[in-house]
1. Looking at the structure I just gave you, is T114 touching a residue at least 60 places away in the same chain (Cβ under 8 Å), in contact with a strand residue (DSSP E or B) (Cβ under 7 Å, 6 or more places away or on another chain), within 18 Å of L14 (Cα to Cα) and of a type in the set (S, T, N, Q)?
2. Need the failing condition index for H310 against (1) more than 27 Å from the chain's Cα centre (by Cα); (2) assigned to a loop (DSSP other than H, G, I, E, B), just the number.
3. Which of the residues that make up segment 560-588 are surrounded by fewer than 24 Cβ atoms within 10 Å (Cβ to Cβ) and among the basic types (K, R)?
4. Answer yes or no as to whether H310 is surrounded by fewer than 24 Cβ atoms within 10 Å (Cβ to Cβ) and touching a Pro at 6+ places or on another chain (Cβ under 7 Å).
5. Name the single residue that is nearest to G386 (Cα to Cα) among those in segment 365-375 being touching a strand residue (DSSP E or B) at 6+ places or on another chain (Cβ under 9 Å) and in a loop (DSSP other than H, G, I, E, B).
6. Would you mind stating whether P300 is under 20 Å from P412 (Cβ atoms), crowded, with 23+ Cβ neighbours inside 10 Å and not assigned by TED's automatic domain parsing to the domain that holds M130?
7. Residue under question is I175, and the condition is that it be modelled with pLDDT of 95 or more, part of a strand (DSSP E or B) and aliphatic (A, V, I, L, M); does it hold?
8. Give the number of residues within segment 99-118 that are assigned to a loop (DSSP other than H, G, I, E, B) and within 13 Å of A298 (Cα to Cα).
Amino acid sequence: MPMNVAQKLIQSHLISGEMTAGQEIALKIDQTLCQDATGTLVMLELEAMGVDHVKTELSAQYVDHNLIQEDYKNADDHLFLRSAAERFGVWFSSAGNGVSHPVHMEFFGKPGKTLLGSDSHTCAAGCLGMLAIGAGGLEVAMAMTGHPLFVKMPKIFGIKLKGKLPDWVSAKDIILEMLRRHSVKGGVDKIIEYYGPGLKYLSAMDRHVIANMGAELGATATVFPSDQETFKFLQGQGRENDWCEIIADKGAKYDLKDEIDLSQLEPLIALPSSPGKVVTVKEAAGRELYQSYIGSSANPGYRDFAIAAHMVKGKYVHPSVSFDVNPTSRNQLEELARDGLLAELIHAGARVHQAGCNGCIGMGQAPATGRNSLRTVPRNFPGRSGTEEDSVFLCSPETAAASALKGVITDPRTSDIPYPKIKMPKKRIINRSMLQAPLSLEESRKIKLVKGPNIASLPKLHPLPEDFQLPIMLKVGDNISTDEIMPAGARVLPYRSNIPKISEFAFDVIDKSYAKRAQELHSSGGHAIIAGDNYGQGSSREHAALAPRYLGLHLVIAKSFARIHWQNLVNFGIVPLTFVNPDDYNKLSLSDVIVIDHVANAIQQGKEITARVKDKNIVIKLQHKFSARQIDMLLVGGLINWAKKEEVNR
């Protein structure tokens, strides 16, 4: 039977289960990726599980998010992560070496391999013909110990690309078009696979832009074929021997299909404060700017910086605009300097920052209050920039550069600049000096973890209680992101290795009283949260599950969940249920007490559960999608407890 690329990748790594949409399957994981905002917990989880040495083909730990060292906390965590990489047999990428996704693509990405990362944008590696999936850190830790990844088999959503992009339109506009058509929920429980004649005009780095923001569609993964463009990229990195061809068979079918004529696209922009609020740039044109920002994992390629450099060559950005340039890898920063492009950007007024995530995660570069920020980053969730009342737009480098020059949002097609034709460097710079290779097993056993005063051991999680009598602590709407559950930024992220402290910021964007109220109720049995559709979209950060769990969250009832956060809730012993009738959401109010008798039995006996509201004549039908394995995890209080139990029973 003819297979598409996603099916080939899954079949070649399938350990158990059947490739039927919705069924749980187990996949062998070849590589893992961690970054510092999530990696500290992963390393603490490896320590808690008593791991000696990782069992993957390759695991890498990057320091790219928390680069600001305003005090000891981030610096201490960098030392901890280096020592943990040495202790457990993991590659280590130092602060300043670049953003995890493009650096992993440069040095380690391999067609045909699986990659699991504790960052939702791990899906970017699908640009190389990999099956790359973002997950919570605990699942990544399990994969590093040799366990498979358990995931529900997604539907395969085939997107046929035809035609060629016109001038001033680039890869960012393709993924924004996908978001305009399908919304931030359009990829949930799906793998998005791109195919068709238009692919030959998209480089590997163009494909990275599109695959990266598959996370904003809610997709499990994004997949491109491994073809001659893939070969050209790997050849440029001196790794042509890592290439193999992986293309869809003739006659391959898809569960869902769509088609984009690239020649008909125009510059697009996502309005504040969601990647799904996409309009044409001409509709948003004329709005005054405070900031124009180029870089991030969503536009990490040489071309993305080069086209901006050519556009501003010999000119100066508007005096009211902060023109921020964030190189995404140390190698690319060297190349831009060598080729004179960095000088053009600096001359035009660019503020050049170190290679890393920086302002994308709210780690510096926060915009002024009430001012517009135009960014080539993947997300513009409320407050993510570091400014509470922010106004962030998402766009291409072409739109960002044209707007920086004019001081207002500008359709690049209306500028008086000839369209730059970018030539890729014939010789790429390959500098591995900031990559530290894993130690041998014998050497790693001599390493002791370096723990600063900000690193706290993981809290113990207790088994599922016999009954639920849980007051509703919060009731929230649709598309609540993990940035709203557990904020990013320089104020919060330095406490990522200290759960008691970081829990003080839980739901801070939505209700500043939540953490205090939850802590007061914790000793009396905990609480519940009610939510609308797509609860937990965005980041893979498991702090968004673990911190509320530390504060006594036991139950989340939603109309629907984002995939990674749903799994993170289960991993930490929180029960995620959905309404059988979504209209029942309207029957529940703050301070109502949700009662579920004999919770464990209710979960084990079927997919449907009856809940009632204490002292009110309200009965609500709920449902779950747990596998038998996940039910066992919930009963014992989460994945760490389950893993310890499994190890004892071996």
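The values are calculated or read from the model by the stated rules, or taken from the named source; none is laboratory data. Because the structure is predicted, anything quoted here is derived from the model rather than measured. Backbone-built Cβ (ideal geometry, glycine too); neighbour counts: all protein chains shown.
1. On the way: touching a residue at least 60 places away in the same chain (Cβ under 8 Å): yes; in contact with a strand residue (DSSP E or B) (Cβ under 7 Å, 6 or more places away or on another chain): yes; within 18 Å of L14 (Cα to Cα): yes; of a type in the set (S, T, N, Q): yes.
In short, yes.
2. All conditions are met except number (2).
3. Result: K587, single match.
4. Values: surrounded by fewer than 24 Cβ atoms within 10 Å (Cβ to Cβ): yes; touching a Pro at 6+ places or on another chain (Cβ under 7 Å): yes.
The answer is yes for H310.
5. From segment 365-375, those touching a strand residue (DSSP E or B) at 6+ places or on another chain (Cβ under 9 Å) are 365-368, 370-375; that's our starting set.
Next cut, in a loop (DSSP other than H, G, I, E, B) only: 365-368, 370-371.
Details: Q365: 8, A366: 5, P367: 8, A368: 10, G370: 13, R371: 13 Å.
My answer is A366.
6. Values: under 20 Å from P412 (Cβ atoms): yes; crowded, with 23+ Cβ neighbours inside 10 Å: yes; not assigned by TED's automatic domain parsing to the domain that holds M130: yes.
So P300 passes the test.
7. On the way: modelled with pLDDT of 95 or more: yes; part of a strand (DSSP E or B): no; aliphatic (A, V, I, L, M): yes.
So I175 fails the test.
8. Step one: filter segment 99-118 for residues assigned to a loop (DSSP other than H, G, I, E, B), giving 99, 108-113, 118.
Then drop every residue that is not within 13 Å of A298 (Cα to Cα), which leaves 99.
Count: 1.
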